[in-house]
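Let me begin by presenting the structure, written as structure tokens, before commenting on it.
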Amino acid sequence: MDHNDPSAVGRTIRSLRIQRGITMVQLGKRAGISQSYLSEIETGKASPSLTTLFALAEQLGMTPAGLLRPSVQEDEIVVVRAGEATDVYPVSDTTGDVHFRAVLRQGPLSMSEFVASPGDDLTGDFSHSGYEVIYVAQGSLVVTLSGHDPVSLGVGDTMSYPGELPHSWEIAGTGPVRVFQVLDTPAAHPPH
């Protein structure tokens, strides 16, 4: 969407208003503007001021940025059910349960699920472009970033770091580990 295109902003406002079952008179009154001005905004004949944009967004349960964003396309909404992942990548050539499951690749993001058991080989320093965010869903993990002290993570812990910084993971404890990893630049294969 061209943020300078008043008709695109107006179409978004109109669509949201109709979805919420609000009349132009009701929305105009709640936002502190006249129905005729709202009509001009919705038809692209007028651009809302910043104050009006904020007021309309609040009344529609949106953020101002949400009103400026283009409509969401159906292919932007992706659900991957358990067992439906198309790619499983081994982390190493061990015979253990170490694997990555490609959970989702959408736009500039990719999310993977990593599962490993104690004794599985996770050796090696990894690096890649973009940022990495990891969330430990089960077990314990030690993350070592080049030039930094190791960081111990447990269930519910989250960590982020620049992917370009060489890093490694190691299972801590006696049980399996399950980690979710989000990268802001999808890779052909997960980096671990």
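The values are calculated or read from the model by the stated rules, or taken from the named source; none is laboratory data. Here the structure is a predicted model, which means the values were calculated and not measured. Methodologically, a virtual Cβ is constructed for each residue, glycine included, from the backbone with ideal geometry; neighbour enumeration extends over all protein chains shown. Ligands, DNA and RNA are stripped out before the accessible areas are found, and what is left, the full protein with its side chains, is counted by its heavy atoms. Shrake-Rupley method; radii C 1.70, N 1.55, O 1.52, S 1.80 Å.
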Heavy-atom accessible area with a 1.4 angstrom probe orders S127, S168, most exposed first, as S127, S168
A chain fully extended from T51 to I18 at 0.36 nm per residue, minus the present Cα-Cα distance, gains in nm 9.7 nm
Carbon and sulfur atoms account, in whole percent of the 1.4 Å probe accessible area of region 111-156, for 52
At R0 = 30 Å the Cβ-Cβ FRET efficiency linking E170 and A65, nearest 0.05, sits at 0.15
Ranking M159, M62 from most to least accessible area with a 1.4 Å probe gives M62, M159
